[in-house]
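The values are calculated or read from the model by the stated rules, or taken from the named source; none is laboratory data. Owing to the predicted nature of the structure, the values given are computational and were not obtained by experimental measurement. All Cβ positions, even for glycine, are placed from backbone atoms using ideal geometry, and neighbour counts span all protein chains on display.
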Amino acid sequence: MTAQLIDGRAFAATLRARVRERVAALAPEAGRAPGLAVVLVGHDPASEVYVRSKGRQALEAGMKSFEHRLPETTGEDELLALIARLNADDQVHGILVQLPLPAHLDPRAVIHAIAPQKDVDGFHISNVGMVGTGQDAIVPCTPLGVMMMLRSLVDDFRGKTALVIGHSNVVGKPMARLLLNADCTVMVAHKSSTNIPELARMADILVVAAGVPGLVKADWIKPGAVVIDVGINRVDGNAPDGRARLVGDVDFDRARAVAGAITPVPGGVGPMTIACLLANTLRAYCLQLGLPDAPLLSDTKDPE
Ligand SMILES: NC(=O)C1=CN([C@@H]2O[C@H](COP(=O)(O)OP(=O)(O)OC[C@H]3O[C@@H](n4cnc5c(N)ncnc54)[C@H](OP(=O)(O)O)[C@@H]3O)[C@@H](O)[C@H]2O)C=CC1
Ligand SMILES: Nc1nc(=O)c2c([nH]1)NC[C@@H]1CN(c3ccc(C(=O)N[C@@H](CCC(=O)O)C(=O)O)cc3)C=[N+]21
Ligand SMILES: [Mg+2]
């Protein structure tokens, strides 16, 4: 058996098209369009790539894009002052501060300075707490995108067993919360877990977000399971042209023979993360303007 490939680029294109249509209907005049502000401190090369694609895709969706690039040496006061200005700016409906921040800046203080209704990453404790208690909130982009893809593959989450590998605040924890909110039986593993292969073999749904290339072996996978590989790892010098290439956390070539469906890297979770950022920006816009929330933006619906 060869696993079905889950085409994240196709999912993302569908979602972006829906966002674009909705933006055109809600804000026919460009002056009133949803606005996304992305803040980048320092010059992390991977972050530069994501910030560029976020800005470009926001414009393509009919939104306004504001990029704020600050030097590596920016002080916390200066960054917090920028966030306060963006909170007060009625052209800005979504604010994202690219992580990781340089070591001298406290990410918690920075994230919690963002107005919760403009927190399109869903990282503010107010949004985290809402998701944690099963309430409607702004949901972190990566887990939101994973749920949208899973919903097209899994008819009924009740009775399904899921394992999430990784428990970061950005991916693993919110992912586990959403699967629990969908009534899966959820296990969460991390570096201190000693029996991950056994846990993985019980999982109908396996979501891997560890940042360790090749971590998940084919014989960890329950035959027919849905495997979502969130990992983005730059591996040097393996491409034919000698440049870095991207791989996930799953031994993809061998895992394909066992899984029922699997996301590739690149072309899986990554493109959906950015499409969900646009969806969250539109959602934040609707919340701020008192407009009805669009069903396409709910984590209970897939984009098809
Ligand atoms: N596709 C996308 O859109 C996105 C991809 N990513 C990628 O996903 C991956 C995870 O990101 P993020 O959550 O931010 O990373 P973090 O480094 O914050 O968290 C990694 C988690 O994985 C756990 N872990 C690390 N090594 C192992 C191991 N050998 N076995 C089991 N668990 C392990 C860690 O456990 P412990 O806490 O105990 O150390 C931690 O909980 C990265 O590759 C990142 O680049 C991230 C965001 C978006
Ligand atoms: N505040 C904040 N929010 C984030 O959502 C956030 C962040 N900080 N810091 C970094 C991580 C990482 N992340 C990705 C987004 C898109 C791709 C993506 O589009 N990946 C493409 C490949 C892109 C490439 O070639 O590099 C793919 O997988 O096909 C990957 C990773 C968002 N993150
Ligand atoms: Mg940890």
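Scanning the stretch 96-112 for residues that are closer than 16 Å to residue 73 by Cβ and either more than 14 Å from ligand 1 (Cβ to nearest atom) or of a type in the set (Val, Ile, Thr) (or both) yields 102, 103, 104, 105, 106, 110. For the list (1) outside the structural domain of residue 54 (by TED's automatic domain parsing); (2) surrounded by fewer than 24 Cβ atoms within 10 Å (Cβ to Cβ); (3) within 16 Å of ligand 2 (Cβ to nearest atom), I need the number of the one condition that residue 148 fails. For residue 148, the exception is condition (2). Scanning the stretch 185-203 for residues that are more than 9 Å from ligand 1 (Cβ to nearest atom) and more than 21 Å from the chain's Cα centre (by Cα) turns up 185, 194, 195, 197, 198, 199, 200, 201, 202, 203.
The residues in the stretch 19-60 that are in a helix (DSSP H, G or I), small (Gly, Ala, Ser) and under 17 Å from residue 119 (Cα atoms) can be counted, and the count is 2. Among the residues of the stretch 217-258, those identified as of a type in the set (A, V, I, L, M) and either closer than 18 Å to residue 189 by Cβ or in a helix (DSSP H, G or I) (or both) are 218, 221, 225, 226, 227, 228, 230, 250, 255. Here residue 126 fulfils each of the conditions (1) at pLDDT 95 or above; (2) under 15 Å from the mean Cα position of the chain (by Cα) apart from (2). Among the residues making up the stretch 102-135, those that are aliphatic (A, V, I, L, M) and either touching a strand residue (DSSP E or B) at 6+ places or on another chain (Cβ under 6 Å) or within 16 Å of ligand 3 (Cβ to nearest atom) (or both) are 110, 114, 120, 128.
The residues on offer are 231, 214, and the sole one that is assigned by TED's automatic domain parsing to the domain that holds residue 173, touching a strand residue (DSSP E or B) at 6+ places or on another chain (Cβ under 7 Å) and modelled with pLDDT of 95 or more is 231. For residue 96, indicate whether it is touching a helix residue (DSSP H, G or I) at 6+ places or on another chain (Cβ under 8 Å), part of a strand (DSSP E or B) and among the aliphatic types (A, V, I, L, M). So residue 96 fits the description; yes. The residues on offer are 204, 183, and the sole one that is more than 16 Å from ligand 3 (Cβ to nearest atom), at positive phi and at pLDDT 95 or above is 183. Taking the criterion of being touching a Pro at 6+ places or on another chain (Cβ under 9 Å), charged (D, E, K, R) and surrounded by 14 or more Cβ atoms within 10 Å (Cβ to Cβ), the only residue of the stretch 69-123 that qualifies is 121. Beta carbons closer than 6 Å, at least 6 apart along the sequence or on distinct chains, pair a first residue in the stretch 169-192 that is in the same structural domain as residue 205 (by TED's automatic domain parsing) and within 21 Å of residue 211 (Cα to Cα) with a second that is in a helix (DSSP H, G or I) and within 16 Å of ligand 3 (Cβ to nearest atom) for 186/176; 188/176; 189/196.
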